[in-house]
Amino acid sequence: MKKYLAGGILLLLCISVIIWLLIRMDRGREEIPAEPIVAAPPPVLKFGFPIDSFLVETSLVEKNQNLSDILVKRGISLQMIDEIARTSRSVFDVRKMKRDNNCYFFSSKDSLRALAYFIYEIDPINYVVYQFKDSLQIYRGQKPVTRVVRQASGTILSSLWNTMKENQLDPMLAMQLNDIYQWSIDFFGIQKGDQFRVIYEESFVDSIPVGITNIYACDFRHAGENFYAFQFRQGDTIMYYNEKAENLQKAFLKAPLKFSRISSHFTHSRLHPVLKFRRPHHGIDYAAASGTPVLSIGAGVVTRKGYQAGGGGNFLYIKHNSMYTTCYMHLKGFAKGIGSGTRVKQGQLIGYVGSTGLATGPHLDFRVFKNGTPIDPLKVKSEPGLPVPQKNRSQFMQLKDSLMTELQKIESETAKL
């Protein structure tokens, strides 16, 4: 019995020693971490094609260069180019390719360097693809566009255009503000110290700004008065209204030119710069570069078109209604299709600034007649368009209050408006 008991104890001790050794070995064993699974990086795409799979080259369209000039150098036959020109018409007219626009060539990486795709950028967003791989295919595409809502403000020191550049803003923002306020602010008369603040949407392609998409709200302080504008959509129509829900669009534009300066005002006695004696000047002279577009300030009918050698040079008269007629003089030339009896729309191109007739330099002599009597164009009272309809008034006021709150948070460079 003692013999069996001693053997059992010995067996138990052996098992305990083995277990202890196994535990020590397990503790001493270095834990080897599992190697992380690294996902393959996504392919880099350009115009939807993986650029690693092609030899990609870029060039600019040169002066007087056409599609044939570009593709012949890439081994495309004249027969194929003719087919491209004919097939492409419904997608893109190759005759409208512009100098300095980008072109991209996707070629095979083998020794043949065969052209697989030719891409032409129509503008920063739109492009057209010519596929030579397998079979000829032509189609349009668009780059992904990112839209960002931004805020900006500034104080006028010289001109609105210069203020935009000084504040590192897209100068086209000035053009858009001009379009919004063209019925209420004479941008030729803006003054040093005038201020603006604006909430707008800017588009980006590949992190590069490509344009102002929308202006949602703005406040332009001019001559001590705040001019508000709020964008409001009604169905398919987008218009701008002030804080009282009044339409900013009116019967007449404030001026027939964009971004110029007044060189001579309405007066009953002015020293004529050529004749050197005093006589009435019943108009406004806008100094501008020769060829600057001249627009009709309102809808109407051209009643007179002609030339006066010793006076107004090339001139136009437009009758807008039973009360108002406008006159545009010293024009370099007339817009296509403009003649006596032509009906024109507000803001329509009617001619170009020149120095024809009795003039010392390029400018527009602009005149307004009320019931046949000349009046100061800067003092013309213009009837506004229709306000926000009553059924949409509550919706507009909620939107306006929200945007007004955001506008008032924006500070200009020097002080709050």
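Every number here is computed from the coordinates shown, using simple stated rules; none is lab data. Because the structure is predicted, anything quoted here is derived from the model rather than measured. Note that we place each Cβ from the backbone using ideal geometry, even for glycine, and neighbour counts take in every protein chain shown.
Around the Cα centre of region 292-393, unit charges on the Cβ atoms of Lys, Arg, Asp and Glu (plus for the first two, minus for the last two) sum to a dipole of about 380 debye. Straightening the chain between Met175 and Ile37 buys 44.3 nm, computed as 0.36 nm per residue apart minus the Cα-Cα spacing. Counting only Cα atoms, region 67-222 measures 64, 27, 23 Å along its principal axes, largest extent leading. Note on Leu386 and Val205: their simple-model spin labels are 3.7 nm apart, each label 7 Å out from Cα toward Cβ. Structural descriptor for region 31-128: relative contact order 28 percent, calculated from alpha carbon pairs under 8 angstrom and at least 6 residues apart. Would you please give the FRET efficiency between Glu246 and Thr58, computed as 1/(1 + (r/R0)^6) with r the Cβ-Cβ distance and R0 = 51 Å, to the nearest 0.05? About 0.50, to the nearest 0.05.
Here the gap between Ser340 and Ser111, fully extended at 0.36 nm per residue and compared with their Cα-Cα distance, gives a gain of 75.8 nm.
Quote the FRET efficiency, to the nearest 0.05, computed for Asn321 versus Met404 with a Förster distance R0 of 41 Å and r equal to the Cβ-Cβ distance. Once rounded, the FRET efficiency stands at 0.70.
Packing here is the average count of other Cβ atoms within 10 Å per residue, and on that basis the peptides 376-382, 389-395, highest first, run 376-382, 389-395. Based on the Cβ-Cβ distance of Lys192 and Thr373, what FRET efficiency does E = 1/(1 + (r/R0)^6) give at R0 = 35 Å, to the nearest 0.05? Efficiency for this residue pair is about 0.50.
Within the same chain, lysines fewer than 8 places from Lys46 are excluded, and of the rest, those with a Cα less than 22 Å from its Cα are Lys98, Lys109, Lys133, Lys143.
Determine, at each q value in 0.12, 0.17, 0.18, 0.20 (inverse angstroms), the log₁₀ of I(q)/I(0) that the Debye formula gives when each Cα of region 136-211 is one equal point scatterer. The Cα Debye sum returns log10 ratios of -0.43, -0.71, -0.77, -0.90.
Which entries in Lys258/Lys400; Lys192/Lys381; Lys254/Lys379; Lys250/Lys409 show an alpha-carbon gap greater than 18 Å? Violating the 18 Å Cα-Cα cut-off are Lys258/Lys400; Lys192/Lys381; Lys250/Lys409.
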